[in-house]
Structure formats: structure tokens, C-alpha cells
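Some notes on the structure that comes next.
We did not get these values from a lab; they are worked out from the coordinates using the rules stated. Quick caveat, the model's predicted, so the values are computed rather than measured. Here Cβ is always computed from backbone atoms with ideal geometry, including for glycine, and neighbour counts include all displayed protein chains.
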Amino acid sequence: MKKKQTVIILGSGFGGLAAAALLAKDGYQVTVLEKNEQPGGRASSLESDGFRFDMGPSWYMMPDVFEKYFAEFGKKPSDFYKLTHLLPQYRVFFGDQTHIDVTGNLKTDKATFESLERGSALNLDRYLAESKVKYETSMNSILYRNMNSLLDLFTPAMAKKSAQLGVFQPMHQYVSRFFHHPKLQQLLEYNLVFLGCSPKNAPSLFSLMTHVDLNLGVWYPEGGISAVVNAVVKLGTQYGVTYVYNASLRLLQTKKHTQLTLLSPMRIIVLQKIFYQINHCAHTLEILGGRK
Ligand SMILES: Cc1cc2nc3c(=O)[nH]c(=O)nc-3n(C[C@H](O)[C@H](O)[C@H](O)COP(=O)(O)OP(=O)(O)OC[C@H]3O[C@@H](n4cnc5c(N)ncnc54)[C@H](O)[C@@H]3O)c2cc1C
């Protein structure tokens, strides 16, 4: 019998977990190494005194992406968790003790914008139209395409689209073209917290999130986001993925050798393929030889 190829995945955030189950389904022998004591990464949870808190994400967005993912395994999200469409969607609190409710009803939300800045309801329509184009272009031209090298990304077609996608303009500059009221700007820029970026640096491509938010809607999975984490872990387990927690991997460089060292209960691992799935900058630097 042909020996299965081994894949080691570093990090059990959504990216690592999702890749692990897919690779295991494709016949690889997959091990996920996670430095924390639980899966989920930024989507991990904290339990205390009978309460459970989502530590990062709490909104379930772009449900079609999850449907497409689970369909790869002949499953549906509802096989694992129950979703509730949030209406109203959420409340944003400002430092001056005021708040804005984002209702999920565009007419009402436009009225809220207009109450803070004259003409902003119309500008929101324009902003949303551009946001939709960015979302659809990103989904079709980037997200669901294999990128085996940078050349796959920097195609003539992508170069043409990049100006339209807003990859060269900072988010805050872009938002300021449409809205002057600081609260409206904050409302449209807050979602950069998902990426840990400042609106002054992040490309305005991420204004696509407003289409996701205001046009497509927000859901809540019963049991919180960890219900989704558990679902993907369960899926991986069914296909034989091994998950190792409290396992941190470091790259040690000496003059002669570059060596991967696993700080975990597992002593030796033969690494045929390493699937690097850690996108937190500090951890990345740590892995690349401890530079800070
Ligand atoms: C506060 C906050 C709120 C958010 N809210 C939402 C939301 O409501 N909705 C939404 O869709 N998205 C939200 N996001 C974004 C979403 O959480 C992230 O995009 C997603 O969880 C990232 O997953 P990931 O797998 O790419 O990375 P991560 O979740 O960061 O996973 C990386 C994993 O690698 C592990 N790791 C790091 N170094 C090592 C090492 N040396 N060895 C082994 N393992 C290692 C880490 O412990 C971690 O588990 C939010 C993000 C934040 C921070």
C-alpha cells in the first residue's frame, strides 16, 4: 500500500483547521501543531464560572463561504450548528457615551447616517456600490483561485483591477472621500480590528467589509464562534487529523544549519511538508529566528 504523505500544519486558527480537514480528505496524513491549549486561534474561547466568552470573532459573516466549505465534505453548516440572523445587527459605542445601532435594514441605517451628516445617505449608496464590486472581484479573482506563486497574483488582469480594488489607497483616506463625520468614519473603519490594522495603513480594499456587513448581513451561531471551531475540528477528526496542543514550533538558525524545533511533548517529527498557517506578525517573527 502506498504510504500516505505527511503534512504538518502550524496553527489551529480557522485557516489551519480548514486546510487540515481538506488535506486529510484528499488523503494526506495531517497533524496540526498548536501552541495554545485549545484550537481556534483568535477564535478561541474562555470559560469561567459557567460562562463562556468568545475571545475574538463573534459575528458569523459570509455564510456562503461556510456552506461552500462544508459542501466539500458533503455536509451543511446546519449539520453542526444553528444560525440566527441578527436583526438588529449590532450596537457601536463611542467614547462620548453615545451609540449607533446598525439595524440591518438599509433604509433605517441610511436615515441614521443622514441624521449625522447631510448627504451621507446618498454617499452610503455610492460607498456600498464600490464595496460590492471590491467584494465580488476579490471573491472571484483572489479567494477561490490557487496562488502557487506571486506571479499568479500579479497578472495583467489583476494589475488592471488593482486600482479599482483600492489596494494603493489607505482606508481612512478612502472613507474620508465619502464621509466627514468622525463617527461615520469610525463606523466604517472599525472592522479593521479583525485584521489588527490601522485605517491609516490598511488598503481601502477592506471597505469590501461594508458590503459584507450592511448588504449581506450578520449571523450568530448557537454556542458562539467556538461552535464553528468545534465543527471544523470534528470534521478533521472524522478524516483522521491529529491535533496536538501546547506545541510550539520555532526555527533555529545557526551558521551551518536551519533547523525546525518542536517544543512539545512530541519529540521528533519527520517533516515532509510544512503548511505554514500563522498570520500573526509577532509569532511569524518569533518563528523566523526570534527577531523582535
Ligand atoms: C478582536 C477581533 C474580533 C474579530 N471579529 C470577527 C468577527 O466578528 N467575524 C469575523 O468573521 N472575523 C472576525 N475577526 C477576524 C478573525 O478572527 C480572523 O480573521 C481569524 O480568526 C484568523 O484566523 P487564522 O487562522 O488566519 O489566524 P489565527 O486565528 O491567528 O491562528 C493562528 C494560530 O497559530 C498559532 N501559532 C502561532 N505561533 C505558533 C507556533 N510557533 N507554533 C504553533 N502554533 C502557533 C496561534 O496560537 C493560533 O492558534 C476578529 C478578529 C479579532 C482580533
Whole-Å semi-axes of the range 156-200's equivalent ellipsoid (Cα gyration tensor) | 23, 13, 7
Convex hull of the range 90-217 built on C-alpha atoms - directionally averaged projected area, nm² = 8.3
Take the cross-link list Lys4/Lys234; Lys25/Lys161; Lys75/Lys134; Lys110/Lys183; Lys82/Lys183; Lys75/Lys161 and give me the ones stretching past 25 Å between alpha-carbons.
-> Lys25/Lys161; Lys75/Lys134; Lys82/Lys183; Lys75/Lys161
Local net charge near His180, Cβ-Cβ under 12 Å (Lys/Arg +1, Asp/Glu -1) = +2
Alpha carbon centroid spacing (whole Å) that separates the range 84-127 from the range 192-213 | 17
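Within the range 1-104, list the GluC sites (Glu not before Pro) lying in a DSSP loop whose Cβ has at most 11 other Cβ atoms in a 10 Å radius.
Details: sites: Glu34, Glu37, Glu47, Glu67, Glu72; in loops: Glu34, Glu37, Glu72.
Qualifying residues, ordered by number: Glu37.
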In the range 160-238, which chymotrypsin sites (Phe, Trp or Tyr not before Pro) are in a loop and have at most 16 other Cβ atoms within 10 Å, using DSSP for the loop call?
-> Phe168
Residue-ordered couplings for the range 80-88, obtained by feeding phi - 60° into the Karplus form 6.51 cos²θ - 1.76 cosθ + 1.60 and rounding to whole Hz (Gly and Pro as x), are 10, 8, 9, 10, 10, 6, 7, 9, x
Excluding residues on the same chain fewer than 8 positions from Lys107, give the aspartates and glutamates whose Cα lies under 13 Å from its Cα.
-> Asp125
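Output the relative contact order of the range 57-146, whole-number percent, from Cα pairs under 8 angstrom with separation of 6+ residues. Each step should come with its number before you reach the end.
Values: 42 pairs, mean separation 10.8, N = 90.
Contact order relative to length: 12 percent.
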Restrict the search to the range 93-158; then list the chymotrypsin sites (Phe, Trp or Tyr not before Pro) that DSSP places in a loop and that have at most 13 other Cβ atoms within 10 Å of their Cβ.
-> Phe94, Tyr144, Phe154
